[in-house]
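Asks: Please read through the structure below; I'll follow up with questions.
The values are calculated or read from the model by the stated rules, or taken from the named source; none is laboratory data. If you're wondering where the values come from, they're calculated on a predicted model, not measured in any experiment. Here Cβ is always computed from backbone atoms with ideal geometry, including for glycine, and neighbour counts include all displayed protein chains. Keep in mind that these areas ignore ligands, DNA and RNA; they rest on the heavy atoms of the full protein, side chains included. Shrake-Rupley method; radii C 1.70, N 1.55, O 1.52, S 1.80 Å.
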Amino acid sequence: MKKLITLAAGTATLLGTLMAGNAMAATTLDAVKQKGHLQCGVTSGLPGFSQPDDKGHWTGIDVDTCRAVAAAIFGDAEKVQFTPLTAKERFTALQSGEIDVLSRNTTWTLTRDASLGLNFTGTNYYDGQGFLIKKDIGVTDAKELNGATVCIQAGTTTELNLADYFRANNMEFKPIVFDTSEQTVQGFASGRCDVLTSDRSQLAALRSKLADPSSAVILPNTISKEPLGPVVRQGDDQWFNIVKWVLFAQINAEELGVTSENVDDMKKSDNPNIQRLLGTDGDMGAKLGLPADFGYKIIKEVGNYGEMYNRNVGPGTPLDLERGLNALWTEGGIMYAPPMR
Amino acid sequence: MSESMAPPKRAFAPIRWMRENLFNTWYNVLLTVVVVYMIGTSVGPLLNWLFLDATFTGADPKDCIGDGACWLFINQRLNFFMYGFYPDAQQWRVDIMFLLLAVAFVPQFIERFPARRWLGIFGMTGLPIIGYILIPGGWFGLEEVQSHKWGGLMLTLILAYVGIIGSLPLGVILALGRRSEMPIIRGFCVIFIEVWRAVPLITVLFMASVMLPLFLPEGMNFEKLLRALIGITLWQSAYMAEVIRGGLQAIPRGQYEAASALGLGYWRKMRLIILPQALTLVIPGIVNTFIGLFMDTTLVLIIGLFDILGTVQSTITDPSWQNVATEGYVFVAFCFWVFCFGMSRYSQNLERKLDTGHKT
């Protein structure tokens, strides 16, 4: 009996120590600083968002979003490590503390925001679902797609959106479901379906995989809202604010015309908005627990939002996407960041 | 009395052989014609695609013209497919491991190679230790390379190798335990084996990567690779135990009794008499399980580890290349074939050499 009590006491002590060790790293920011790097969850390969390049270096807009956070904390955009995650794993990895930020092409929805113990910090890309269609079918609007066979990738919200859209418009469709995106393209190329549906950001990339890309067109319709953005764990408001304001700083920088090239000159600017952004006036960083010049570091190392966009997905890249909704609010888009003051 | 003559030598006569084997009945004639036609029409285009029209060298995606395969894609990404994110400057460490692996195991195919046996023993004991020091680094002045940077063929080999090295001894112990006369040990081994064997590997990996972190307190994390390695090894050892148990059961009772009659204790009996015979009997089964494990390692893809298939899949969607999915998958298939074929040849070699004459 005595032995049992000793054993129980021992176990309790051990558990207590573990819990205490856990409680010591109080905030995510402290834990990240202690580790010396940011741990960021990304996709395991999605063109323009996060994909390893020839050198095995991660590139993409989701990747750059993480680099910006690292630049804000450490002043060094390379102090970030990437964990490639599948769609199924992504939320668990964040909940369990394996990663600090999830920047993995994740759509902001009510269910995810409210019931997973997570918070979406903003939107770094406004996406939506669209259609790729064979040119010779002659359809110019998605409303004319009644009775079409549609190639889709399995297990995505794409499938549900498609069903919703056709039901809402009283149309019939025949889905042909594939497991991966390259199989979906193959199915479309070999004529098993008339239409391919996916996020608009990916349609251009998928179209470029066809033997004759000019044989297919992207319809103008967008049938769903897919705001994609970084996600953090709920319950650490400081960390939530940091990730949120890093993106806002990038958007504000574009609006103010501050780029990675002119940022050093801009430091001498008289514009109080720029001064606050770059930390030459008013200590905005301290309110977030960051260095005063965190804005300067982000822009210097990663660039403003427009640079990040153009480098990864904009015109001239293989994805070749117009700014559209992702343009600044002053230029007809909906990218709008609260003021830094 | 005429002298007896030796029977006429059977000369190889292609025409006669063909008549006897390929054209002896009307349906064989038909089958031959159809098969020859199919080979004739498919081999040419296949060779064209694989070699003649293919692009091997160049600078960027635009050099891939023509209808052949675009091996340039594999060529340019080869470094990534081999080492994953392992830093360029440190890749010599992986190269040393590749080399040592070859030094330890290639001689096993060559009869009469000096010290072959010792090289094999080194491959099973010394090599894992060297690998444990060399690949992650962090001591002896070696720069630390964390496991999330490992990838490609290197990761595939690590997964398979650790799985094999870990599961064989564990499997032997479990098999012996299952045949033990001590009820607690036997019960434990039976439960362990039956539980792990009843679960598919994909579930084990999901549990290790998705469920386990939820049970652990927040902030306490094992590396993902470590969790996967433990999962694979435990799962594999259950299968291994059953294969070895088959060998143990095939040993005649007389051998056990004779060993006891010589006054050998349990461990010496097993080590000197029973296990050498039992393991020899089940070599094909063991290697079969290894080959299965080697191919099963691709399942780590679903938990976001970049093995060779993962690295290829993550890059074939790159929009700056034309459709290179086929090239990627052919390359992966070739890599797997090389290793699995090697293992299977090795097991046949071993079987021939250790042939005890039990077989009929």
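Asks: Order the peptides A:307-316, A:241-250 from the highest to the lowest mean number of other Cβ atoms within 10 Å of their residues.
Replies: On the way: A:307-316: 18.6, A:241-250: 24.4.
By packing density, highest mean first, the sequence is A:241-250, A:307-316.
Asks: How charged is the neighbourhood of residue B:175? Take every other residue with its Cβ under 12 Å from the Cβ of residue B:175, and add Lys/Arg as +1 and Asp/Glu as -1. Walk me through the numbers before you get to the answer.
Replies: Working: positive: B:178, B:179, B:186, B:245; negative: B:242.
For residues surrounding residue B:175, the net value is +3.
Asks: Over the protein assembly as shown, what is the percentage of antiparallel beta bridges among all DSSP beta bridges, to the nearest 5? Show your work: numbers first, answer last.
Replies: Numbers: 20 of 39 bridges.
Of the beta bridges lying entirely in the protein assembly as shown, close to 50 percent run antiparallel.
Asks: Here's something else I'd like to know. Among B:18, B:97, B:154, whose mean-square fluctuation peaks in a Gaussian network model of chain B (Cα, cutoff 10 Å)?
Replies: For chain B, modelled as a Gaussian network with Cα springs under 10 Å, the answer is B:18.
Asks: If you don't mind, another one. Please give the length that would be gained between residue B:255 and residue B:117 if that part of the chain were fully extended, namely 0.36 nm times their separation in residues minus their C-alpha to C-alpha distance (nm, one decimal).
Replies: Working: separation 138, 0.36 × 138 = 49.68 nm, distance 2.66 nm.
Contour length minus the Cα-Cα distance gives 47.0 nm.
Asks: While we're looking at this one, here's another question. Along Cα→Cβ, 7 Å out, is where each label goes; now give me the distance between the ones at residue B:60 and residue B:337 in nm to one decimal.
Replies: Taking the two extended label points, one gets 3.4 nm.
Asks: Another one. Calculate for chain A the 222 nm mean residue ellipticity that helices alone would give, adding -39,500 (n - 2.57) per DSSP H run of length 4 or more and normalising by residue count, nearest 500 deg cm²/dmol. The partial results should precede the final answer.
Replies: Values: 14 runs with 139 residues, N = 341.
For chain A, the value works out to -12000 deg cm²/dmol.
Asks: Where nothing but the Cβ of Lys and Arg (+1) and of Asp and Glu (-1) is charged, how large is the charge dipole of chain A around its Cα centre, in debye to the nearest 20?
Replies: The dipole of chain A has a size of about 1040 debye.
Asks: Then there's this: Over the whole of A:182-188, what's the average partner chain Cβ count within 10 Å per residue? Rounded to a whole number, please. Mind dumping the intermediate values first?
Replies: On the way: counts 9, 1, 0, 3, 3, 0, 0.
If you average over the peptide's residues, the count of other-chain Cβ atoms is 2.
Asks: Report in % the part of the accessible area of the protein assembly as shown that belongs to carbon and sulfur, leaving out ligands and nucleic acids; probe 1.4 Å. Could you put the intermediate results ahead of the total?
Replies: Values: 22110 of 35480 Å².
That fraction is 62 percent.
Asks: What number, in percent, do you get for the relative contact order of chain A if the mean sequence gap of Cα pairs under 8 Å and at least 6 apart is divided by its residue count?
Replies: Values: 608 pairs, mean separation 67.4, N = 341.
Worked out over chain A, it gives 20 percent.
Asks: Count the net charge of all other residues whose Cβ sits under 14 Å from the Cβ of residue B:261, scoring Lys and Arg as +1 and Asp and Glu as -1.
Replies: On the way: positive: B:253, B:268, B:269; negative: B:257.
Surrounding charge for residue B:261 is +2.
Asks: A follow-up question, please. Based on the Cβ-Cβ distance from residue A:310 to residue B:223, what FRET efficiency comes out when R0 is 56 Å, to the nearest 0.05?
Replies: Details: r = 36 Å, r/R0 = 0.65.
The value I calculate is 0.95.
Asks: For residue A:287, which lysines qualify as cross-link partners when the Cα separation must be under 24 Å and same-chain residues fewer than eight apart are set aside?
Replies: A:33, A:35, A:79, A:244, A:267, A:268, A:297, A:300
Asks: Lysines near residue A:209 by alpha-carbon distance under 20 Å, same-chain residues fewer than 8 away left out - which ones?
Replies: Hits, sequence-local ones excluded: A:134, A:135, B:62.
Asks: Tell me the relative contact order for region B:278-360 as a rounded percent, counting alpha carbon contacts under 8 Å between residues six or more apart. Could you put the intermediate results ahead of the total?
Replies: On the way: 41 pairs, mean separation 31.4, N = 83.
So the answer I get is 38 percent.
Asks: Peptides A:180-193, B:247-260: what's the order by average Cβ count within 10 Å, highest mean first? Intermediate values should be presented prior to the final figure.
Replies: Details: A:180-193: 18.4, B:247-260: 13.6.
By packing density, highest mean first, the sequence is A:180-193, B:247-260.
Asks: Run the helix sum for chain B: -39,500 (n - 2.57) per DSSP H stretch of 4+ residues, divided by residue count, reported at 222 nm to the nearest 500 deg cm²/dmol.
Replies: Details: 15 runs with 223 residues, N = 360.
Dividing the helical sum by the residues of chain B leaves -20000 deg cm²/dmol.
Asks: With a ≥ b ≥ c taken as the square roots of the eigenvalues of the C-alpha gyration tensor of chain A, please select rounded if a/c is under 1.5 and otherwise prolate if a/b is larger than b/c or oblate if it is not? Let's see the in-between values first.
Replies: Working: a/c = 2.34, a/b = 1.31, b/c = 1.78.
Oblate shape, in that a/c is at least 1.5 and b/c is the bigger or equal ratio.
Asks: Just counting partner chain Cβ atoms within 10 Å, what average do the residues of peptide B:45-57 show around their Cβ?
Replies: On the way: counts 0, 0, 0, 0, 0, 0, 0, 0, 0, 0, 0, 0, 0.
Partner Cβ neighbours, averaged per residue: 0.
Asks: How big is the Kirkwood radius of chain B, worked out from every pair of different alpha carbons and given in Å to one decimal?
Replies: Numbers: mean 1/r = 0.0406 Å⁻¹.
When all Cα pairs of chain B are included, the Kirkwood radius is 24.6 Å.
Asks: Work out which residues of region A:189-215 lose at minimum 30 square angstrom of accessible surface when the other protein chains are put back, relative to the chain isolated, with a 1.4 angstrom probe, and list them by number.
Replies: A:208, A:209
Asks: While we're on this one: Excluding ligands, DNA and RNA, what is the accessible area buried between chains A and B, summed over both sides, using a 1.4 Å probe, to the nearest 100 Å²? Display every interim value, and only then the final one.
Replies: Numbers: alone 16510 and 21980 Å², together 35480 Å².
Chain pair A/B: roughly 3000 Å² of buried accessible area.
Asks: Continuing with the same structure: Need the C-alpha centroid separation for region B:153-232 versus region A:64-139, integer Å.
Replies: 32
Asks: Using a/c under 1.5 as the rounded threshold, could you call the protein assembly as shown rounded, prolate or oblate? The axes a ≥ b ≥ c are square roots of the C-alpha gyration tensor eigenvalues, and prolate needs a/b larger than b/c, oblate otherwise.
Replies: Details: a/c = 2.19, a/b = 1.37, b/c = 1.59.
Judged from the Cα gyration tensor, the protein assembly as shown comes out oblate (a/c at least 1.5, b/c at or above a/b).
Asks: Report the local net charge at residue A:299: Lys and Arg +1, Asp and Glu -1, summed over other residues whose C-beta lies under 11 Å from its C-beta. Write out the running numbers ahead of the final one.
Replies: On the way: positive: A:267, A:297, A:300; negative: A:254, A:261, A:264, A:293, A:301, A:307.
Cβ neighbours under 11 Å give a net charge of -3.
Asks: Provide a whole-number value for the mean count of partner chain Cβ atoms within 10 Å of the Cβ atoms in peptide A:45-56. It would help to have the intermediate numbers written out before the result.
Replies: Details: counts 10, 2, 5, 2, 0, 1, 5, 10, 5, 9, 6, 16.
The per-residue average across the peptide is 6.
Asks: State the extension gain, in nm to one decimal, for the chain segment bounded by residue B:67 and residue B:109, taking 0.36 nm per residue of separation less the distance between their alpha-carbons.
Replies: 11.2 nm
Asks: Residues of region B:296-311 losing 50 Å² or more of accessible surface, assembly versus chain alone, probe 1.4 Å, please list them.
Replies: B:306
Asks: So, for region A:78-136, what is the accessible surface per residue at a probe of 1.4 Å, expressed in square angstrom? Before the final figure, lay out the partial values.
Replies: Values: 1960 Å² over 59 residues.
In whole numbers, region A:78-136 has 33 Å² accessible per residue.
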